[in-house]
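The values are calculated or read from the model by the stated rules, or taken from the named source; none is laboratory data. Nothing here was measured: the structure is a model prediction, and the numbers come from that model. Neighbour counts are summed over all protein chains in view; Cβ atoms, including those assigned to glycine, are modelled from backbone coordinates with ideal geometry.
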Amino acid sequence: MLLLLLALPFVAALAIAMARGASRRTVAWLAAAAPVLGLGMLGWLTPAVMAGSELREIVSWLPQGGLALGLHLDGLAWMFAGLVLGIGALIVLYAHYYLAEEDSARRFFGCLMLFMGAMLGVVLAHNLLVLVVFWELTSISSFLLIGFWTGRQDARQGARMALTITGMGGLALLGGVLLIGRVVGSYELDAVLAGGDAIRASALYPAILGLVLAGVFTKSAQFPLHFWLPQAMAAPTPVSAYLHSATMVKAGVFLLARLHPALAGTDLFFYVVTTVGAVTLLIGAWYAIFQHDLKGLLAYSTISHLGLITLLFGLSTPMAVVAGVFHILNHATFKASLFMAAGIIDHECGTRDLRRLGNLRKYMPYTAALAIVASLAMAGIPLLNGFLSKEMFFAEALEAGEQSAFRVAISIAALLYGVFGVAYSLRFVHDAFLGRGPRALPVEPHEPPVWMQVPVAILVALCLAVGILPGLVIEPVLKTAVAGTLGEAAPEFSLAVWHGWNLPLVMSIAGVLGGLLFYFALRRLFALHDAMLRTWGRHLYHVNVEKLFNAAWAFTARVAAGGIRRSLFWMIVVVLVVGSAPFIGQEASLLGDLPAPQPMPALGWVLWAVLVASTLATVAWHGKRLTALIVIGATGLMVSVAFAMLSAPDLALTQLLVEMVTIALMMMALNYLPKQSKQARTPFRRWRDALISIVAGVGVAGLAYAMLVRTPDGAVSAEMLARSLPEAYGANVVNVILVDFRGFDTFGEITVFAVAALVVHAMLRFARMRPDEVMPGPPVQLPIPADLTQLLFPLALTVSIYLFLRGHNAPGGGFIAGLAIAVPVLIKYVLQGARAVEATFGFDYVRGISIGLLLAAAGGLGSLLFGLPFLTSGHVDLHLPVIGSLPLASALVFDTGVYVVVFAGALLILSTMGTVRRRTLAAEEAA
């Protein structure tokens, strides 16, 4: 059930992506189905979790490397999953009414579901490596959502900044996780939490803590890496509400809570985490007061509250952890409702600028009432949920640490937080809904549709319910979450509105009164609407990015200014240095212990002579591009024959078809290049290049010789030969290697092929040729009947299917079959040109590539349903009437994906290169 729970958002994202032509309402229903069904499943599991059970589902992938798709549902994961799904469902409802008609609902909700699934993966992960994968996926999906409005520069800049900062933190987290695995010996969550003593006692503990905290601080916008979060406000408001309340920024504090038993308990953890949290708490609150954008104010307040949560986990006492978990819940409810209220104001008033708003309670009374209550919850006013966790924070601050000076500093920081929190909450309420205004709004303010207010009302009702009846409404949830965080160390506690007169209550009262005085004093001292505070973090980020780009340009100019020639030179030199490094200072040579080769037959000498001649001809004629290309084709043909002579028919057939397709495509590419290539300008460069080529060729020849003459006894090849038929049900070992033993490599290779085809398509689909250039295609009408292609294609299709079906037991397979079916298309292109090809095969090649990749993935994931590693082959013998016994292997599904990707990718490149348009004279002059 946990696997299904995790899969729901991704399935919804896929369904939305494929729902072309669907109405906006249908897309919204598809998006809402995932969180609603997920909440139902989570509700089904709730009794077991609240009873103390920890649910696990582990699908082994690579046990030797500690890799497994492990999912884990305890109290903490249950609480966060509820936040992700519950608030996610409300966001979907809100977004349906928020998005404008010109906004792509499919793209928005598809990315939102991807974001939801990534966050669910983070909170449910039982394996830390799996957690890191989903952690990075949250960065990528948030990048797509923050930059949703691609036409806006601030959206693009904010998305890039968020991806850069959080992506760097993700790399640091990966380093920390790898070190944890080295110390503990496992990446499983149970082993890591149980190995806390070993981690803290390890010499690697400072490095582990630093790397993990770097990931936490970047994701949860802690000082000094907090500046990316306000820039992310260029995202649509539903994204901001979701990102600030239940996802993305909460991933950092979730990880802090999750790894708390393993990392906390040292002075280093205490002082680093509490100090960073306290500084972030105050800086975020101070800057929030001076923001003129409603979302900017809320963004800095989020930074402040995240600092509060971080500080509480840094204090590390059991009750401080309770307060931290409690404030995560409270902050999610009032912050999501406030962001949605800000979005309503922007949607119905045409602006979020506090300098132009005011007196909106007259025009939007219901929205004003909801937003005011949520603002009071954020300020920590009694009878609202924020008051309870704030008072718990004050109590823990008064007991912080063993040193009185540090305790006093934390207590002062807590009191200032109370003052500043009330001040920025009061500004939100006063400048938006009270006072004078509004001023020069582009539209007349009015209430939004009722269903757009429903999510806000639900969350505000929760703020009131928790604040008035905490023991009944939230205490069982909080106890379950704390038990999942601290385990047996979880303290006993009870929530109540009134705890009597005590110092935390006095601090709360002082914070409220101080906040009121401070805000109105600021307004009297100077024009608050004219004040604008700018952070140094953003400025330093842009300075560093600019310097990095300048360094990259300088490096490129130094290394690659000569084009491909210089790039190849440096690449080959680096390969030579790295490849020869292991043999420097070693007595044994590369070929010293290898047996003598077998005698080469006469045909082998002939092939060798032709290869040498072709190579020398290429060297002599490389300046003439067409001639060199033909000679290279001859070289590839000889290599194919050599493979066939060495009893490698699969390789021979693949090499032959690859030569046919690539030579044709390269000949098309020659249309865009000069007939002559540039020659080396000095004799020194010619001799230098010759020397490097000889050394590289000798090295590659030596490696090839070593591979050909070594004995297979005890080698990997012997194991593959022995296991191919009994375990993978294939007599063709080469194909079994591709679709089973090394199937994951093949999946990566077809992905690279697909990306290459898409890159060619992206680069050339809008390209224009110069007026004096020749369009690709047949220069003259060849004396071959055009109807010949109509006969060739069915024949080639038959051969292709034959090669595909026999590939598991005889030479063939999906890659060869995909190339075979591309050959008649090339012939049709040569005979009739690109337009005829498009008219015959003009389907969506990009979608074909996507379908092929999905088929290949489905063929691999199917084995997981039976508890087997990814891409493990299954086998069944069907006994059919007339046909008889029909053996089938599950690898056929994966091979089908390979077939479709190769065919669609080749045709995409062909169609793109064959339809480059001639630029007009005016466009040429403008260029």
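List the number of the failed condition for Gly467; all other conditions in (1) modelled with pLDDT of 90 or more; (2) more than 20 Å from His305 (Cβ to Cβ) hold.
With respect to (1) modelled with pLDDT of 90 or more; (2) more than 20 Å from His305 (Cβ to Cβ), Gly467 is out only on (2).
Starting from residues that are surrounded by fewer than 23 Cβ atoms within 10 Å (Cβ to Cβ) and of a type outside the set (Gly, Ala, Ser), keep the ones in region 169-187 and report whichever is nearest to Pro261 (Cα to Cα).
Val184
Condition check: outside the structural domain of Leu398 (by TED's automatic domain parsing) and either part of a loop (DSSP other than H, G, I, E, B) or not β-branched (Val, Ile, Thr) (or both). Does Leu282 satisfy that?
no
Scanning for something in contact (Cβ under 8 Å) with a residue 40 or more places away in the chain and surrounded by fewer than 24 Cβ atoms within 10 Å (Cβ to Cβ), does region 238-245 turn up at least one residue?
No, region 238-245 has no match at all.
Would you mention how many residues in region 63-102 are of a type in the set (A, V, I, L, M, F, W, C) and in a loop (DSSP other than H, G, I, E, B)?
Of the residues in region 63-102, 2 are of a type in the set (A, V, I, L, M, F, W, C) and in a loop (DSSP other than H, G, I, E, B).
One residue is enough: does region 243-265 have a residue meeting the conditions more than 27 Å from the chain's Cα centre (by Cα) and either within 12 Å of Ser220 (Cα to Cα) or not in a helix (DSSP H, G or I) (or both)?
There is at least one residue in region 243-265 that is more than 27 Å from the chain's Cα centre (by Cα) and either within 12 Å of Ser220 (Cα to Cα) or not in a helix (DSSP H, G or I) (or both).
Output the residues belonging to region 835-857 that are surrounded by fewer than 21 Cβ atoms within 10 Å (Cβ to Cβ), aliphatic (A, V, I, L, M) and modelled with pLDDT under 85.
Ala836, Ala839
Do we have any residue at all in region 377-385 that's in the same structural domain as Gly467 (by TED's automatic domain parsing), of a type in the set (A, V, I, L, M, F, W, C), closer than 19 Å to Leu517 by Cα and over 37 Å from the mean Cα position of the chain (by Cα)?
Within region 377-385, one or more residues are in the same structural domain as Gly467 (by TED's automatic domain parsing), of a type in the set (A, V, I, L, M, F, W, C), closer than 19 Å to Leu517 by Cα and over 37 Å from the mean Cα position of the chain (by Cα).
Tally time: how many residues in region 556-570 are surrounded by fewer than 12 Cβ atoms within 10 Å (Cβ to Cβ) and at pLDDT 70 or above?
The total comes to 4.
Would it be correct to say that Gly730 is exposed (fewer than 12 other Cβ atoms within 10 Å of the Cβ) and either among the small types (Gly, Ala, Ser) or not in a helix (DSSP H, G or I) (or both)?
For Gly730, the condition - exposed (fewer than 12 other Cβ atoms within 10 Å of the Cβ) and either among the small types (Gly, Ala, Ser) or not in a helix (DSSP H, G or I) (or both) - is not met.
Just to be sure I understand, how many residues within region 19-45 are farther than 21 Å from Leu93 by Cα and either buried (at least 16 other Cβ atoms within 10 Å of the Cβ) or within 24 Å of the chain's Cα centre (by Cα) (or both)?
Going through region 19-45 one residue at a time, the tally reaches 1.
Does any residue of region 497-504 turn out to be surrounded by fewer than 17 Cβ atoms within 10 Å (Cβ to Cβ) and either in the same structural domain as Trp78 (by TED's automatic domain parsing) or not in a loop (DSSP other than H, G, I, E, B) (or both)?
Yes, region 497-504 has at least one match.
Just checking, does region 473-486 include any residue being surrounded by 17 or more Cβ atoms within 10 Å (Cβ to Cβ), of a type in the set (Val, Ile, Thr) and assigned to a loop (DSSP other than H, G, I, E, B)?
Yes: region 473-486 contains one or more residues that are surrounded by 17 or more Cβ atoms within 10 Å (Cβ to Cβ), of a type in the set (Val, Ile, Thr) and assigned to a loop (DSSP other than H, G, I, E, B).
Condition check ((1) part of a helix (DSSP H, G or I); (2) at negative phi; (3) out of contact with any Cys (no Cβ under 6 Å at 6 or more places or on another chain)) across all residues:
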{"site": "Phe387", "(1), (2), (3)": "yes, yes, yes"}
{"site": "Ala409", "(1), (2), (3)": "yes, yes, yes"}
{"site": "Phe428", "(1), (2), (3)": "yes, yes, yes"}
{"site": "Gly435", "(1), (2), (3)": "no, no, yes"}
{"site": "Pro438", "(1), (2), (3)": "no, yes, yes"}
{"site": "Glu444", "(1), (2), (3)": "no, yes, yes"}
{"site": "Trp451", "(1), (2), (3)": "yes, yes, yes"}
{"site": "Val460", "(1), (2), (3)": "yes, yes, yes"}
{"site": "Ala465", "(1), (2), (3)": "yes, yes, yes"}
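Here are the criteria: (1) free of Cβ contacts under 8 Å to residues at least 40 places away in the same chain; (2) closer than 17 Å to Thr662 by Cβ. Tell me which single one Leu616 does not satisfy.
(2)
Taking the criterion of being at pLDDT 75 or above, assigned by TED's automatic domain parsing to the domain that holds Glu749, surrounded by fewer than 22 Cβ atoms within 10 Å (Cβ to Cβ) and part of a helix (DSSP H, G or I), would at least one residue in region 871-892 satisfy it?
Yes, that holds for at least one residue.
Looking at (1) within 34 Å of the chain's Cα centre (by Cα); (2) farther than 24 Å from Leu312 by Cβ, which is the only condition Leu462 fails?
(2) is the only condition that Leu462 fails.
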